[in-house]
Amino acid sequence: MATFSNISQMFLCFMISSTLMVKIGLSQDAPEPSNAPGPLSSNEKYLTNCGSHLYPNCGDEVFSAIFFGNKTVSEYCCDKLVNDVGKMCHDDMTKYILTLPKFRAHETQILKRSQTVWFDCVLQDYPWIGPAVAES
Ligand SMILES: *[C@@H]1O[C@H](CO)[C@@H](O)[C@H](O)[C@H]1NC(C)=O
């Protein structure tokens with residue numbers, strides 16, 4: 001349990017930030033090969049920033065729930081997801097991670113689970129508005 005949790009947190013961190021690190025590293029070390037990756041795109045900065053609300057405790061749960069479908073997101077983490085991360089960031093993080101070949105193969109399933117996780121969390125957090133949102 002602890003092991004998986006560590007691995008998946010590292011993995012998620014890795015996925016969201018490693019590309020960014022590499023880019024930062026390259027742009028600092030290598031003075032200007034013409035095809036060097038640019039500085040962080042504003043999209044990547046935004047994802048790193050908004051996704052960081054899931055740490056340290058909730059990255060694992062949300063990640064497993066969406067990408068493996070074998071975990072339920074706790075009330076605590078749902079609350080963080082809905083109120084701190086937000087729908088736009090949730091969707092954008094999912095899309096960003098789906099650019100990895102490992103997950104792209106299961107794109108349809110993962111996108112569906114991503115929506116399910118989101119709506120379940122909204123329902124849990126706001127039972128009175130949930131149904132209207134979930135139906136739209
Ligand atoms: C969920 O699935 C992943 C990948 O198969 C596995 O590594 C992990 O241990 C599972 N997590 C839980 C909570 O069962």
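From the list Phe119, Phe68, which residue is more than 13 Å from the ligand (Cβ to nearest atom), aromatic (Phe, Trp, Tyr) and open to solvent by 20 Å² or more (accessible area, probe 1.4 Å)?
Answer to the check: Phe119.
Just so you know, in the range 71-105 the residues that are of a type in the set (A, V, I, L, M, F, W, C) and open to solvent by 80 Å² or more (accessible area, probe 1.4 Å) include one that is farthest from the ligand (Cβ to nearest atom), and it is Met88.
Which ones in the range 54-63 are within 14 Å of the ligand (Cβ to nearest atom) and farther than 24 Å from Pro127 by Cα? Listed by number, the list holds a single entry, Asp60.
For the range 51-65, the set of residues classified as open to solvent by less than 10 Å² (accessible area, probe 1.4 Å) and among the polar types (S, T, N, Q) consists of Ser64 only. Show the residue pairs that are 6+ apart or on different chains and have beta-carbon atoms under 6 Å apart, the first residue being within the range 45-74 and charged (D, E, K, R), the second being open to solvent by less than 70 Å² (accessible area, probe 1.4 Å) and more than 11 Å from the ligand (Cβ to nearest atom). Partner pairs satisfying both residue conditions: Asp60/Gln9; Glu61/Val73; Glu61/Cys77.
Number of residues in the range 88-103 that are in contact (Cβ under 8 Å) with a residue 60 or more places away in the chain and under 12 Å from Tyr46 (Cβ atoms): the value is 2.
The values are calculated or read from the model by the stated rules, or taken from the named source; none is laboratory data. This is a predicted model, so every value here is computed, not measured. For neighbour counting, all protein chains shown are included, and Cβ atoms are generated from backbone atoms with ideal geometry for every residue, glycine included. SASA here: full protein model, heavy atoms, side chains in, ligands and nucleic acids out. Shrake-Rupley method; radii C 1.70, N 1.55, O 1.52, S 1.80 Å.
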